[in-house]
Amino acid sequence: MSVPQGEFELMRCPPAPSLQAWDAADEMLLRHLDEICILRRDSRVLIVNDGFGALAVALADHRVYAWNDSLLAQHARALNLRANGIEDTGLEYNRDAAFPAAPADVILLKIPKSLALLEQQLYALRERMLPDTRLLAAGMARHIHRSTLDLFEQIIGPTLTTRAVRKARLVLPERDFSLTQGQGPGPGSYTLVLDRDYRIRSHAGLFSRDRLDRGSRMLIEHLPTGDAPLRIVDLGCGSGVVGIAAAALNPRAQLLFSDESYLAVDCARINFEDAFGRARQARFTVDDCLREEADASADLVLVNPPFHQQHSVGDAVAWEMFRQSRRVLETGGGLVIVGNRHLAYHAKLKKLFGNAEVLGSDSKFVVLRASKTL
Ligand SMILES: C[S@@+](CC[C@H](N)C(=O)[O-])C[C@H]1O[C@@H](n2cnc3c(N)ncnc32)[C@H](O)[C@@H]1O
């Protein structure tokens, strides 16, 4: 990436050699920042939703706090700082879902795909804006709609947008301090009906926030049921709905909920406690595809894999999830997944496990089980 702040080598995490680790919106934001000369060396810069660390890398010689919901984005940033020989001593970042409490001088916001998440973040950022704080937002033009700009106007104040350059636009709001009303959208919610009703709440920005996804429903319909003390992993847990169903159907099972999203793991924890109270324990980890879990430490892994990373589509994460699942499974244990038929997960599982059984299917989805044999 070549910008006024320097030239940087940037890569994605997980590596995807055919995909770029920054976009025209990052470049535009950094050029604009250079043109308006508002950054001093000791400026406190809050960077929100920096895809693979492009902004943090370019601005590393300021006091940066980088907030990102994605552990993979944080890994990418660390990797890219190292790859460019940059010390990250001035860099702070989140270790949970909470926003930093301190105000900032400059806030750089990459506009997220989810409008509900944007709304929540704008309310949180408004609290961190002092009279001199500048908020500069950017995104690809195709993700910026009238409704996006309305949110800036309603929550922050009068908002200008630039014309699109290489399909990216800046969104430049000015803080109107008379705007003090309102709060972020509450959690979405729906009811999972099993032996009783389970209320599943979901933070803004999480997968299938207001209703049970059709694929997740099919996965739940094919979960094993019984009294065995199984060690069950809900991998890519999102709001935790699949693991909560598995816990309800297997009263003696121990559950691990794992996701690379801080908001997801937070939400799964809240939903699990709501469902079973504090008496039933489970483990909750923010992790990249179970990398931190020991070999042969689970009997059953359940996955509804993602097929998007940020705005791009691919199956690299699903593949890694299957590989790591095989590693953490005990011999005789099983991986049960749901996926779109066209994604051909059957072939992948067969290649990795040597077997793949169809447990159920409809016109769109297929539920598969692969068993770990010796
Ligand atoms: C299709 S959603 C499924 C969510 C939930 N299990 C459900 O069925 O509603 C996929 C989930 O995988 C998570 N994810 C994506 N990449 C991941 C990774 N590298 N490691 C762990 N989880 C990941 C996403 O954050 C998302 O919550």
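The values are calculated or read from the model by the stated rules, or taken from the named source; none is laboratory data. On a predicted model such as this, the values are computed, not experimentally measured, just so you know. With ideal geometry, Cβ positions are generated from the backbone for all residues, glycine too; neighbour counts draw on all protein chains shown. When the accessible area is computed, the model is the full protein with side chains, heavy atoms only, and any ligands, DNA or RNA have been set aside. Shrake-Rupley method; radii C 1.70, N 1.55, O 1.52, S 1.80 Å.
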Quiz item: Where residues in region 159-179 are open to solvent by 70 Å² or more (accessible area, probe 1.4 Å) and under 21 Å from M28 (Cα atoms), which of them is nearest to the chain's Cα centre (by Cα)?
Solution: K167
Exercise. Find the strands (runs of 3 or more DSSP E) located wholly in region 188-249 whose residues include 3 or more that are open to solvent by less than 40 Å² (accessible area, probe 1.4 Å) and in contact with a Leu (Cβ under 6 Å, 6 or more places away or on another chain), and list them.
Key: 231-235
Quiz item: Taking region 256-283 on its own, how many of its residues are within 15 Å of the ligand (Cβ to nearest atom) and farther than 14 Å from L302 by Cα?
Solution: 16
Quiz item: Considering region 96-125 alone, what residues qualify as being part of a helix (DSSP H, G or I) and open to solvent by 10 Å² or more (accessible area, probe 1.4 Å)?
Solution: L115, A116, L117, E119, Q120, Y123, A124
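Yes/no matrix, rows are residues, columns are (1) more than 23 Å from T285 (Cβ to Cβ); (2) among the hydroxyl-bearing types (S, T, Y); (3) surrounded by fewer than 19 Cβ atoms within 10 Å (Cβ to Cβ):
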position	(1), (2), (3)
V57	yes, no, no
Y65	yes, yes, no
G85	yes, no, yes
D88	yes, no, yes
L91	yes, no, no
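Listed here are the residues, each with its yes/no results for (1) modelled with pLDDT under 95; (2) aliphatic (A, V, I, L, M); (3) in contact with a Ser or Thr (Cβ under 8 Å, 6 or more places away or on another chain).
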{"site": "A137", "(1), (2), (3)": "no, yes, no"}
{"site": "L151", "(1), (2), (3)": "no, yes, no"}
{"site": "V171", "(1), (2), (3)": "no, yes, yes"}
{"site": "P185", "(1), (2), (3)": "yes, no, no"}
Quiz item: In region 126-148, how many are closer than 27 Å to C37 by Cβ, open to solvent by 20 Å² or more (accessible area, probe 1.4 Å) and touching a residue at least 40 places away in the same chain (Cβ under 8 Å)?
Solution: 4
Self-check item: Exclusive hit being within 16 Å of the ligand (Cβ to nearest atom) and either more than 20 Å from T133 (Cβ to Cβ) or part of a helix (DSSP H, G or I) (or both), set A25, A60, A76, A56
Solution: A76
Practice problem: Among the residues of region 106-125, count how many are among the charged types (D, E, K, R) and either modelled with pLDDT of 95 or more or in the same structural domain as D210 (by TED's automatic domain parsing) (or both). | Solution: 2
Exercise. Give the residue, chosen from R323, R327, R280, that is closer than 27 Å to G51 by Cβ and modelled with pLDDT of 95 or more.
Key: R323
Quiz prompt | Selected residue (only one of V301, V366, V286, V336 is within 11 Å of the ligand (Cβ to nearest atom) and touching a residue at least 24 places away in the same chain (Cβ under 8 Å)) | solution = V286
Quiz item: Which one of the conditions (1) open to solvent by 50 Å² or more (accessible area, probe 1.4 Å); (2) more than 15 Å from the ligand (Cβ to nearest atom); (3) of a type in the set (A, V, I, L, M) does A253 fail to meet, given that it meets all the rest?
Solution: (1)
